[in-house]
Every structure is written in structure tokens, then in C-alpha cells.
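Peer 1: Starting off with a structure, shown below.
The values are calculated or read from the model by the stated rules, or taken from the named source; none is laboratory data. What you are looking at is a predicted structure, and each value in this text was computed from that prediction instead of being measured. Cβ coordinates were reconstructed from backbone atoms using ideal geometry, including for glycine residues, and neighbour counts include every protein chain displayed. Remember, those area values only see protein heavy atoms, side chains included, never the ligands or the DNA or RNA. Shrake-Rupley method; radii C 1.70, N 1.55, O 1.52, S 1.80 Å.
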Amino acid sequence: MRALEKFSSVCVSGSGSPARPLTLALPKGRLFDRALAYFAQRGLSVRFQDRELAAQDERGLLEVFIVKNSDLPVYVSHGIAGLGVCGTDVLCEAGGVFFELFDFPFGGTRMCLAAREDFDCDAGLRRLTVATKFPVFTRGYFHRRGIPVEIIKLNGSVELAPVLGLAPCIVDLVETGSTLKANRLGVVEELENIKVKLIANPAYYKVHYEAVDAFVAFLKESS
Ligand code: PRP
């Protein structure tokens, strides 16, 4: 809790009135609940009313916006949210320049090449056709390995592609492996570990570095 008090004291101006809170974008979905639980374990609680997309903690230190995963880098690069909680998979697709300030100890996944169990690796890896939500990552990864790759871009339910014959392989995130298993697919190769990071807009960091550093110290403190 000491780090929270320090963060609070940096954010509150001399007159005792709250300064403007730090702005933080959180992605909808799995990371959202985990990030809020992580803050709450350290004493900072942000509650959203039903369907509300922006809310502050009770001390007014942090203003949190709920955004679609793939939109998060857009909000941070425009400085609408100074900070964001974002997977390296999304960062890779978005491009752009962000400061990476902290690795969260949750939400890590694996980016994998997966296929049906009867996939012929020797023939299939000479020239790949891959369905994926992650074309930038996939193109970069296989080009670095000198493997020609044709990419079919999808936006979700990627595991259907090999099942229905759209593409023999997919590149996708695997967390528990249950989606692959349920669709009778298997991992051909693990390509990269994906981490969840606190990112900052560089200009925002330069202006608010004291408060942002205090927030990072708060995140680093064990609960
Ligand atoms: C992600 C990912 C896989 C699944 C992996 O999809 O793209 O489909 O989760 O998780 P598992 O290994 O625990 O089964 P998401 O749930 O985000 O839905 P989407 O396919 O609609 O993008």
C-alpha cells in the first residue's frame, strides 16, 4: 500500500485538490477483469456501472477507458489515453512508437502455428497458406525464416479455417488450448511468447513522468 500512497501524493496538488487523473485504456475481454483485479489487490478500485465505458477510481487517480483490443494502440498513440494495457500481439499489428513500462504477470499466451492433426509438415511448410488475425506478425515471422507465406486475414473464429478448408494452417493465440482441442486441431509450432505490457504515449510520459513512475511503482509492489 505504500506505493499507492506515494502515487496518490504525486497526483494530488499542493492545495489538496486532486490533480487530473492519469488516463488508461483497458481492452475489453479477458485482460479487462484481470487488470482491474490486479489494481484492486493493491488497493485501487475502479468500478464501472452497467455499459459504462469510462470510470475513475474513488480517489480520482486513474481514469480508465474500456476500448476494443485492436483500437487500444490508436487511443494511446493519439494521447486520448496516456497509458494502456496491451498484449505484444496487438502492438505488433498496430506498429507505432510506445514506451513499454511494465510487464504484467498475467495474460501471457503463445502465438502458435496450428493445423489439423493430419497436416503434412514437410510439404506444408515449404509454402504456407495461413489464416490469421495477425497478418503483420505472421508475414514478418515467416519472411525472417525465408518461408513464402500466403495470408488470409480473418477477424475471429480462426480455428474454423482448417476445419472448413479455407486454409490448412492458422497462426493464432493459444492460452489453454481448449479451442484447438475442441476443433480437433493441434499446435505445429510455438512461434512466440506474448506478454501483456503497460504502454505509454511517449509525449504523455514526458509530461506526466512523475505520476506515471509512481503508478509503475504501484504496479510493481506485491499485493
Ligand atoms: C482467442 C484466440 C483463440 C482462443 C484461444 O480468441 O484467438 O481463438 O482465444 O484460447 P484457448 O487456448 O484458451 O482456447 P478469442 O476468445 O479472443 O475470440 P475470437 O476467436 O473471436 O477472436
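Peer 1: List pairs: first in segment 156-184 and open to solvent by less than 60 Å² (accessible area, probe 1.4 Å), second within 6 Å of the ligand (Cβ to nearest atom) and assigned to a helix (DSSP H, G or I), Cβ under 7 Å, 6+ apart or cross-chain?
Peer 2: Sorted first by the residue in segment 156-184, then by its partner, the pairs are Glu159/Thr179.
Peer 1: When you check Tyr204 against the structure, is it open to solvent by 70 Å² or more (accessible area, probe 1.4 Å) and of a type in the set (Ser, Thr, Tyr), yes or no?
Peer 2: So Tyr204 fails the test.
Peer 1: If you don't mind, another one. Step by step: first the residues of segment 107-132, then only those that are surrounded by fewer than 23 Cβ atoms within 10 Å (Cβ to Cβ) and either under 17 Å from Ala25 (Cα atoms) or β-branched (Val, Ile, Thr) (or both), then the one that is farthest from the chain's Cα centre (by Cα). Which residue is that?
Peer 2: Thr129
Peer 1: Which one of these is acidic (Asp, Glu), within 16 Å of the ligand (Cβ to nearest atom) and open to solvent by 40 Å² or more (accessible area, probe 1.4 Å): Glu63, Glu52, Glu93, Glu58?
Peer 2: Glu93
Peer 1: Continuing with this model, one more query. Taking the stated definitions as given, is Leu128 at negative phi, among the hydrophobic types (A, V, I, L, M, F, W, C) and modelled with pLDDT of 95 or more? It would help to see each step written out before you state the result.
Peer 2: Details: at negative phi: yes; among the hydrophobic types (A, V, I, L, M, F, W, C): yes; modelled with pLDDT of 95 or more: no.
Here the answer is no, as Leu128 does not meet what is asked.
Peer 1: Is it fair to say Asp118 is of a type outside the set (Ser, Thr, Tyr), in a helix (DSSP H, G or I), outside the structural domain of Leu31 (by TED's automatic domain parsing) and at pLDDT below 95?
Peer 2: no
Peer 1: Kindly evaluate Leu44 against the criterion of being assigned to a loop (DSSP other than H, G, I, E, B), in contact (Cβ under 8 Å) with a residue 60 or more places away in the chain and surrounded by 13 or more Cβ atoms within 10 Å (Cβ to Cβ).
Peer 2: yes
Peer 1: May I pose another question? Which pairs have Cβ atoms under 6 Å, sit 6 or more apart or on different chains, and link a residue in segment 123-146 that is within 12 Å of Ile170 (Cα to Cα) to one that is part of a strand (DSSP E or B) and open to solvent by 10 Å² or more (accessible area, probe 1.4 Å)?
Peer 2: Leu128/Val149; Thr129/Glu150; Val130/Val149; Val130/Ile151; Ala131/Ile152; Pro135/Ile151; Pro135/Lys153; Thr138/Ile151
Peer 1: Limited to segment 181-207, what total is found for residues that are part of a helix (DSSP H, G or I) and within 14 Å of the ligand (Cβ to nearest atom)?
Peer 2: Qualifying residue count, segment 181-207: 2.
Peer 1: Select, from Glu150, Glu192, Glu175, Glu159, the only residue that is modelled with pLDDT of 95 or more, under 28 Å from Ser77 (Cβ atoms) and not aromatic (Phe, Trp, Tyr).
Peer 2: Glu192
Peer 1: Restricting to segment 69-90, name every residue that is among the polar types (S, T, N, Q) and open to solvent by less than 50 Å² (accessible area, probe 1.4 Å). If you could, list the steps in order and put the result at the bottom.
Peer 2: Restricting attention to segment 69-90, the residues satisfying the condition of being among the polar types (S, T, N, Q) are 69-70, 77, 88.
Selection gives Thr88 alone.
Peer 1: With Gly156, Gly140, Gly146 as the choices, which residue is of a type outside the set (A, V, I, L, M, F, W, C), more than 16 Å from the ligand (Cβ to nearest atom), closer than 16 Å to Val90 by Cβ and not in a strand (DSSP E or B)? Walk me through it before giving the result.
Peer 2: Numbers: Gly156 fails: more than 16 Å from the ligand (Cβ to nearest atom); Gly146 fails: closer than 16 Å to Val90 by Cβ.
Only one candidate qualifies: Gly140.
Peer 1: Give segment 133-155 a look and list any residue that's in contact with a Pro (Cβ under 8 Å, 6 or more places away or on another chain) and open to solvent by 20 Å² or more (accessible area, probe 1.4 Å), or say none.
Peer 2: Across segment 133-155, the qualifying residues are Ile151, Lys153.
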